[in-house]
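**Student:** One structure follows; several queries about it will come next.
The values are calculated or read from the model by the stated rules, or taken from the named source; none is laboratory data. Because the structure is predicted, anything quoted here is derived from the model rather than measured. Cβ coordinates were reconstructed from backbone atoms using ideal geometry, including for glycine residues, and neighbour counts include every protein chain displayed. SASA here: full protein model, heavy atoms, side chains in, ligands and nucleic acids out. Shrake-Rupley method; radii C 1.70, N 1.55, O 1.52, S 1.80 Å.
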Amino acid sequence: MVLRQLKAVFGAGVTVDSVLTDPNVTPGATLNGEVTFTGGENDQKVEGITVEFTAIVELDDKGEDKQSTFDFHRAQVSGPFQLAKGSTHTVAFAIPVPLETPLSAVNGRPLPTMKLGVSTELALDNAFDKGDLDPLVVEPLPVQAAVMTAMEELGFVLQVADLEAGTIPGSHMPFYQEIEYWPGGEFKEKFREVELTFVAGKATTDVLLQANDKGGLLSPAHDAYQRFTVQNETPGDLVEALRTQLTQLAQRQGIA
């Protein structure tokens with residue numbers, strides 16, 4: 001089933017159609033699709049085809065908010081082949097999605113401001129050309145969904161999500177995701193906001209909570225952090241575990 005199709009025209013009149021079988025994936029799953037090339041007016045030697053995972057990342061440059069494009073995963077889907085003029089060549093691919101791929105949707109709802117995609121790079125006559133970005137929808141793993149559900153049950157309201165440049169301990173990515181919540185319920189007076197970050201692994205997932213207290217004229221706001229680990233296999237109901245971690249986070253700020 002073709003859900004989305006993009007066309008890009010590369011050098012020498014070569015046309016490429018990149019089709020994702022299903023753009024909806026989870027971290028650690030497989031992205032399936034195919035790339036179809038149509039030759040131009042002359043025979044061409046294609047050196048290789050690569051699919052890249054791309055994210056838009058926030059940069060804090062001397063107090064100025066800027067964005068940059070990060071290609072965080074590359075997978076070669078074809079080696080060299082001859083593309084005769086006017087002929088068609090199709091390559092199917094199945095690419096493992098990195099476990100640390102950030103989330104861009106929850107239960108079919110896009111996370112505000114998140115921009116993820118994949119693009120096809122063609123190496124033709126020792127030159128490289130890249131097609132348009134095909135949107136990628138990454139839903140949470142069960143353990144991530146369990147944490148986010150627990151946040152909501154404790155009264156937190158999801159606001160926005162973004163990617164920040166930098167590497168946090170235990171991660172292999174050049175950026176990290178922050179999912180921002182506004183507090184409610186029993187934690188309404190404890191925090192101004194809480195940001196949630198995941199570091200997913202094969203067996204366990206680390207959950208990083210970052211809080212910024214409300215501060216005041218005599219007590220400026222400051223950040224505090226709390227990190228804990230959850231088993232991927234049987235996360236279960238995490239409300240009580242998360243309540244404990246948030247309580248400890250408030251104590252770190254000296255306001256609990």
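**Student:** Where in the range 10-70 are there strands (runs of 3 or more DSSP E), lying wholly inside it, with at least 1 residues that are modelled with pLDDT of 90 or more and within 21 Å of residue 198 (Cβ to Cβ)?
**Tutor:** Details: elements: 15-20, 30-38, 44-61.
Answer list for the range 10-70: 30-38, 44-61.
**Student:** OK, next. Only one of 152, 164 is open to solvent by 10 Å² or more (accessible area, probe 1.4 Å), modelled with pLDDT under 95 and under 19 Å from residue 112 (Cβ atoms). Can you tell me which? Before you say what the answer is, go through the steps one by one.
**Tutor:** Details: 152 fails: modelled with pLDDT under 95.
Among 152, 164, only 164 is open to solvent by 10 Å² or more (accessible area, probe 1.4 Å), modelled with pLDDT under 95 and under 19 Å from residue 112 (Cβ atoms).
**Student:** Quick one: how many residues across the range 173-185 are of a type in the set (A, V, I, L, M, F, W, C), under 16 Å from residue 59 (Cβ atoms) and assigned to a strand (DSSP E or B)?
**Tutor:** Start the filter on the range 173-185 by keeping residues that are of a type in the set (A, V, I, L, M, F, W, C), which leaves 173, 175, 179, 182.
From what is left, the residues that are under 16 Å from residue 59 (Cβ atoms) are 173, 175.
Next, from what is left, pick out any that are assigned to a strand (DSSP E or B): 175.
Number of matching residues: 1.
**Student:** From the set of residues in the range 240-250 that are of a type outside the set (D, E, K, R) and more than 25 Å from the chain's Cα centre (by Cα), which is nearest to residue 150 (Cα to Cα)? Show your work before the answer.
**Tutor:** Looking only at the range 240-250, we keep the residues that are of a type outside the set (D, E, K, R), and these are 241-242, 244-250.
Imposing the further condition that a residue be more than 25 Å from the chain's Cα centre (by Cα) reduces the set to 241, 244, 247-250.
Values: 241: 9, 244: 12, 247: 14, 248: 16, 249: 16, 250: 17 Å.
My answer is 241.
**Student:** Which pairs have Cβ atoms under 6 Å, sit 6 or more apart or on different chains, and link a residue in the range 152-172 that is part of a helix (DSSP H, G or I) to one that is of a type in the set (Val, Ile, Thr)?
**Tutor:** 153/239
**Student:** Can you pull out every residue in the range 169-186 that is touching a Lys or Arg at 6+ places or on another chain (Cβ under 9 Å) and over 19 Å from residue 228 (Cα atoms)?
**Tutor:** Of everything in the range 169-186, those that are touching a Lys or Arg at 6+ places or on another chain (Cβ under 9 Å) and over 19 Å from residue 228 (Cα atoms) turn out to be 182, 183, 186.
**Student:** Only residues that are under 30 Å from residue 163 (Cα atoms) and surrounded by 13 or more Cβ atoms within 10 Å (Cβ to Cβ): list them for the range 70-95, please. Outline the logic, then answer.
**Tutor:** Looking only at the range 70-95, we keep the residues that are under 30 Å from residue 163 (Cα atoms), and these are 70-77, 93-95.
Listed by number, the residues that qualify are 70, 71, 72, 73, 75, 76, 77, 93, 95.
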